[in-house]
Amino acid sequence: MNPENERELLINMGPQHPATHGVLRLVLEVEGEIVKRCTPYIGYLHRGLEKLAEDLTYVQSLPLTDRLDYLSSMVNNVGFCLCVEKLLGINVPERAKFIRTMLSEMARICSHLVWIATHALDIGAMTVFLYAMRDREKLLELFEMVTGARLTVSYPRIGGVRCDVSNEFLKKLERFIDEFPKRVEEYETLIDRNRVWLKRTKGVGVISAEEAINWGLTGPTLRGSGVYYDVRKFFPYDAYDKVEFDVPVGKNGDIYDRYKCRMLEFRQSVRIIKQCIERLPEGPILADNAPKIRMPASPLKIDKEDVQFEIYVDDKSVEDFIKKFTDIYASVEAPRGELGFYIVCDDSAKPYRMRVRAPSFVHTGALPRLCEGGLIADVIANIGSIDIVLGECDR
Amino acid sequence: MIETLYVIFVSILKTALYFGILLLHVAYATYAERKVIGHIQLRLGPMVVGPHGILQPIADVVKLIFKEDIIPSNVDKRVFAIAPIISLTAALSTFAVIPVDKNFVISDMSVGLLYVLGIAGVGTYGIIFGGWASNSKYAFLGGLRSAAQMISYEVALAMSLVGVVLMAESFNLSEIVNKQNELWYGMFLFPQILGYFVFIVAALAETNRLPFDLPEAETELVAGYFVEYSGIRFSFYYLAEYLAMFSMSALAAICFWGGWTAPPVLIKIFPILSLIPGIVWFLLKVYFHIFLFFWLRGTLPRYRYDQLMAIGWKVLIPLALFNIVITSLIKYYQ
Amino acid sequence: MKVKEILTKILLIEIFKGLALTLKMLFSKSVTVQYPFEKRNIHEGFRGRHALVRDPISGDDKCIGCMRCTTVCPSRCIHIKREKRENKMVVIDYIIDASRCVYCAYCVEACPVCALVLTEDYEYSSYERKGLIFNKEKLLKNWDEFSAKWPADYYFNKFWQPPGIDPSRWPKTKREQGPVPLKRGVEIKREVKNEQLPS
């Protein structure tokens, strides 16, 4: 802090602050209530996932991606699988694609529910928090039913998905999405037209379309500024090119527009899930040439040298492909933005280097731009509106 | 001599009874709040201590009293110690003039209303001192916010009551109630609807309740001015906050809803209602307002600091002034 | 339109709508499950506490010490101690460090004899780290505790034979794995049943 300027006060917000969504630390230089400078400090949740992946095979790395953005682990898994599938040249069967799309959208709803819950709580509307959690609970139960876990699902497999969905699950999901739009309306009754909410969000944290692109924002944060960009539309993966959906786009680029974008995405997700249930084709859920956990008859085969490789890749063509030194990038539309996986591979079954393009990380970078010049209360609203998860940001 | 002793004895008895019941109410107001907010949010609220958690407030009190008294190292110890006491004393003193039933008031002051407003102002000191002495930036900001907020909203609060005073032609709270009972509908709520609105909004701000709970905004300033307090000192602040809520509700009941009296028109229609003692009417009215406070907390988001000030000075005070002018004109031409 | 907007603004319509909603919710049924007193149903296949399946006939675990689970484990929390006795591998101890486990159930899928399982039991917190390091004895005890609570007579984990995958890829033991009887008596009954079936 500049000692000459005695009017400024240095506030250390976080990492144990209730509204910083985890362990984000912001150092704010405030003059009265006005934020003059805002510096985010990250890394409190750094677990070295990218480095860990270098020591694990592709199949083994999958559970790591659960821990990136733990609110939508399904989408992370899909992103990683897509990247490896691209690398190994695997074609995912149709049914698996639809199941993945369906569960990805469920994860999106789940994640957005946590976002609306915490965002509203940060602005003071405590009740929305619990209403959103009530509905998230139902979704988590559905996740548990099909994947065996509520949060860290590890459900997709390289080349497909882990296990099939049951009819009971589909029926329950259908019942949920039928009543879900009503729930969204409930949240909107409480906050959408509420004058307090509008005052807190309209015209606050404005970022223009051009600037948003320059900062590298993606997802609803970018679309709130009026940029039509969605990985699902521009680089379709899984079954997204086979279902119909719209991409809601905002106009002003303020907190309210970002909020509105996500609220509309709830409905689009419901639409996608509905189509997936209707069109779910029969067939296998795992590609034939997918690297799998091979179970040899002789238990003592383990003494062989390159044991990891033996276990995971037993297809010769795949082995040949992987021997080439190559790099590959694949991205998915995570609830927070474009989540990309960049893998450089050598001739082993482990990545030489894995890099995750985490939307939360990029968005945290833009936080000072959004907060500076506003009030302390706006900092909180801004953190909520860019919807960051520190697990993904610090990796 | 005997007579004086008798008077002193009676007032002590009255005070003890009054405050005993009052503190019990406050303890159970915390319980009621958790239950009401819980059910609004589809939760159950406290359920474990006693049937439906009915003994929860007692458990809370015991916990707070026996908790270690932590004083952070760099605080201004004397001010830190005295600040919560100021807040609590001010909040308790308010009730000295609030009549709960006909002739049941500890001190029937002729300037009761002014006294209430003045004492409420003293409570602000407790908050500013607490925020300053804690030597914490969050507490400091909370204290500053609270000072600014309370001072600006006190103006609106006082002005909203001027209309009532004009109509009752008295500052005495009992007199105000009696004057209301002369009207056929028995309350100043209808002629003073604008004043009532301003009063409720200002009371929300004055008691730091949502949507104006900026001094203790959980998600911004963590807990605001009492972030460094714990144990019994924290409970003083907590008590003061709920007492303030009760005093504001009582004031609303007395000044706008006719205090302990039932509307004469109702009694005329259902004569049986006159059998209900005044205290019941009074408490019902107070409970309604307390519930309103909880209800609003369960529904509304929080304003921002500058917006809060703007509402206070640009909306509420002009409205209150307008109300005064209208009331005076009506009074003048009657 | 303009007049309507001003009216809604002055009359606080949207705030009253919100208040009406919260009032409605105040009188509707709450969704809380009071956890330690009442528990919600866990779906089959939930990945919870580890256990080694106790073979109802031999009364011991079924592990053959193939080290598949050790190799596949992403967090490397499974340790198997084996010894060569009379030209045969014997598993002396089987240790899972549950505090390191990520509950991916890869080990369950990899096990060729379906000896290992992640049970639907989820209440196993411990005050010390030692309590979360399961050895063979503890893992078998976990199974007993779990099977005592399990409502049915048979247990089958869905990760033993992941559906949707061609069974020809599994080893024979895995392919032929049926539901595990939880008690000795049940096993005999089943055998009788099987004999009766052809006739």
Mind pulling the per residue volume of the convex hull built on the Cα atoms of segment A:147-236? Å³ is fine.
184 Å³
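Average the reciprocal distances over every distinct pair of alpha-carbons in chain B, invert the result, and give the Kirkwood radius in Å. Please report the intermediate quantities before stating the final value.
Working: mean 1/r = 0.0477 Å⁻¹.
Computed over Cα pairs of chain B, the Kirkwood hydrodynamic radius comes out at 20.9 Å.
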Of all trypsin sites (Lys or Arg not before Pro) in segment B:162-258, which ones are in loop regions per DSSP and have a Cβ with at most 12 other Cβ atoms within 10 Å?
none
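For the residues C:Ser147, C:Ser99, C:Ser168, A:Ser72, what sequence is obtained by ranking on other C-beta atoms within 10 Å, fewest first?
Details: C:Ser147 21, C:Ser99 13, C:Ser168 6, A:Ser72 28.
Sorted ascending by nearby Cβ count, the order is C:Ser168, C:Ser99, C:Ser147, A:Ser72.
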Per the charge dipole of the protein assembly as shown (beta-carbon charges, Lys/Arg positive, Asp/Glu negative, Cα centre), the residue among A:Leu339, B:Gly45, B:Ile326 reaching farthest to the positive end is B:Gly45
Per-residue [θ]222 nm for chain A (sum of -39500 (n - 2.57) over DSSP H runs n ≥ 4, rounded to 500):
-15500 deg cm²/dmol
Please compute the average number of Cβ atoms from other chains found within 10 Å of each residue's Cβ in peptide A:53-64.
3
Could you give the radius of gyration (one decimal) and Dmax (whole number) of the Cα atoms in chain A, in Å?
22.0, 77
Within a 10 angstrom radius of the beta carbon, how do A:His46, C:His43, A:His363 rank from fewest other beta carbons to most?
A:His46, C:His43, A:His363
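Assuming a ≥ b ≥ c are the square roots of the Cα gyration tensor eigenvalues, decide whether segment B:212-334 counts as rounded (a/c under 1.5), prolate (otherwise, with a/b larger than b/c) or oblate.
Numbers: a/c = 2.82, a/b = 1.40, b/c = 2.02.
Taking the square roots of the gyration eigenvalues as a ≥ b ≥ c, segment B:212-334 is oblate.
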In degrees from 0 to 90, rounded to the nearest 10, what is the angle of the helix A:359-371 Cα long axis to the longest principal axis of chain A?
10 degrees
To the nearest 10 degrees, how steeply does helix A:167-191 sit against the main Cα axis of chain A, on a 0 to 90 scale?
10 degrees
What list do you get for C:Thr173, A:Thr147 if you sort them by fewest beta carbons within 10 Å?
C:Thr173, A:Thr147
Please check chain B for the longest run free of GluC sites (Glu not before Pro) that are loop-located per DSSP (anything but H, G, I, E, B) and have at most 16 other Cβ atoms within 10 Å.
B:170-334
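How about segment A:175-219: which trypsin sites (Lys or Arg not before Pro) there lie in a loop by DSSP and see at most 15 other Cβ atoms within 10 Å?
Sparse-neighbourhood loop trypsin sites (Lys or Arg not before Pro): A:Arg193, A:Lys202.
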Label point distance in nm, B:Ile269-A:Arg279, each placed 7 Å from Cα along Cα→Cβ
6.2 nm
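About its Cα centre, how strong a charge dipole does segment A:344-385 have in debye, to the nearest 20, once Lys and Arg get +1 and Asp and Glu get -1 at the Cβ? Numbers along the way, then the final one.
Values: 5 positive and 4 negative charges, 30 e Å.
It comes to approximately 140 debye.
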Signed unit charges on C-beta, dipole axis of the protein assembly as shown, positive-most listed residue C:Phe146, C:Phe156, A:Cys83:
C:Phe156
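Go through B:138-147, C:14-23 and give me the packing order, highest mean Cβ count within 10 Å leading.
Top of the packing list down: B:138-147, C:14-23.
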Which of the helices in chain B meet the span-like rule: DSSP H, Cα axial reach of 27 Å or more, Kyte-Doolittle mean at least -0.5?
B:2-40, B:112-133, B:137-168, B:231-256, B:278-297
Would the protein assembly as shown count as rounded, prolate or oblate if I go by the C-alpha gyration tensor, calling it rounded below 1.5 in a/c and otherwise prolate when a/b exceeds b/c, oblate otherwise?
prolate
Taking every residue in A:146-153, how many Cβ atoms of other protein chains lie within 10 Å of its Cβ, on average?
5
For a quick size check, give me the Cα extents of segment C:1-87 along its three principal axes, largest first, whole Å.
96, 30, 18
For helix A:376-386, what angle does its Cα long axis make with the longest principal axis of chain A, in degrees from 0 to 90 and rounded to 10?
30 degrees
Could you tell me the calculated FRET efficiency between B:Ile54 and A:Lys182, based on Cβ-Cβ distance and R0 = 41 angstrom, to the nearest 0.05?
0.75
Residue list for segment A:189-216, given a label point 7 angstrom along the Cα-to-Cβ vector of A:Ile34 and an amide N cut-off under 20 Å
A:200-207
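Read-outs throughout are calculated quantities, based only on the coordinates presented, and are distinct from any laboratory measurement. Quantities reported herein were computed from a predicted structural model and do not represent experimental measurements. Every residue, glycine among them, receives a Cβ derived from its backbone with ideal geometry; neighbour counts consider all protein chains shown.
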